[in-house]
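Report on one structure; see the data block that follows.
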Amino acid sequence: MAVCPKCGRKLKITDIKPTCPGCGVNLLYYKIEERLEVDAINAELEHAKTQKKVDRAKDAMFGTPLAIVRLVLLVLVVGMFFVPLATFHAVGPYFDKTTTLNALEIYNSVSSLDFDGMFVLAGSPVLKTSFMFLAISAVTIVVSVLCALLELIFSFLSSSPHGFSRNITLASVGIVSAVASLVTYKKFLANIESVFSGIIDGSVKVGIYLVITAFVLCIAINIIIKVQHKPVKYKDTYVDSVPYEIFVEKFGVKKYDMESLDAIKADMEQYKVVEE
């Protein structure tokens with residue numbers, strides 16, 4: 001229930017007039033200047049915090065030539081998944097089909113699969129091992145794609161406190177997943193070719209090696225940027241003419257009200273500067 005800011009009287013839902021029925025103060029304009037000042041302080045604090053995040057994002061993506069190279073590499077990692085990763089070839093009396101596998105083809109194939117039929121084949125003693133390797137290969141390449149996408153999506157956070165560890169972790173998982181997919185697909189081909197010799201075969205293409213190489217280069221460029229350690233260039237921000245960093249250090253960051261603002265007003269005066 002609302003109360004009058006002056007006398008503390010509880011206001012009923014039927015008290016629709018702009019004045020307090022107890023003391024008669026105008027509720028809308030009571031200490032309006034002080035309330036506007038509090039709103040301004042809170043707005044400047046929020047803007048300053050947001051500006052720091054914007055500055056880190058700019059630095060992460062375009063702050064240095066190496067940051068731009070990193071961004072290009074991240075785009076290339078995603079692009080490498082659309083290069084042929086592997087092939088699958090099947091031949092029969094009335095067909096001879098070769099499928100080139102990349103991220104798009106894998107998505108189309110998985111989305112159109114007859115999973116009931118796949119489970120029946122996977123339960124076959126002859127094909128069980130082959131389909132196990134194929135399933136592992138498909139899952140791990142999807143994980144690798146997700147790592148590449150996440151690293152690109154979160155690239156604007158690379159200059160944040162956990163940016164370096166996030167980038168290295170995603171790239172490392174991407175490499176491990178891509179290598180696992182490569183190994184298990186080769187094992188799948190070896191098993192399936194031994195069962196259907198001359199009917200089914202396939203190969204691993206250069207795309208998967210390019211994916212692994214691109215991930216390795218991403219790790220390398222992140223390490224180089226970390227070693228060089230160029231500080232982020234932050235735009236100067238102020239809270240009621242007090243530099244944001246000093247305000248945070250001396251008074252802290254919180255949502256201020258009239259009482260808490262009054263408590264620090266006198267101390268703020270000594271830290272105020274002329275804004276540039």
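The values are calculated or read from the model by the stated rules, or taken from the named source; none is laboratory data. The model shown is predicted, which means the values in this text are computed figures rather than measured ones. Because the Cβ atoms are built from the backbone with ideal geometry, glycine has one as well, and the counts that use them run over all protein chains shown. Areas reflect the complete protein model, heavy atoms only, side chains present, ligands, DNA and RNA absent. Shrake-Rupley method; radii C 1.70, N 1.55, O 1.52, S 1.80 Å.
Points worth noting:
- Members of the stretch 25-54 found to be farther than 20 Å from S241 by Cβ and either surrounded by fewer than 12 Cβ atoms within 10 Å (Cβ to Cβ) or under 43 Å from the mean Cα position of the chain (by Cα) (or both), listed by number: L28, Y29, I32, K53, V54
- Evaluating V110 against the criteria (1) open to solvent by less than 80 Å² (accessible area, probe 1.4 Å); (2) under 18 Å from I208 (Cα atoms); (3) modelled with pLDDT under 85; (4) within 26 Å of the chain's Cα centre (by Cα) leaves one unmet condition, (2).
- Output for the stretch 79-98, where each listed residue is open to solvent by 30 Å² or more (accessible area, probe 1.4 Å) and touching a strand residue (DSSP E or B) at 6+ places or on another chain (Cβ under 9 Å): P84, F88, H89, V91, D96, K97, T98
- Flag for L76 being open to solvent by 40 Å² or more (accessible area, probe 1.4 Å), closer than 20 Å to T184 by Cα, in a helix (DSSP H, G or I) and aliphatic (A, V, I, L, M): no
- Subset of the stretch 3-32 [of a type in the set (G, A, S) and under 18 Å from E259 (Cβ atoms)]: G8
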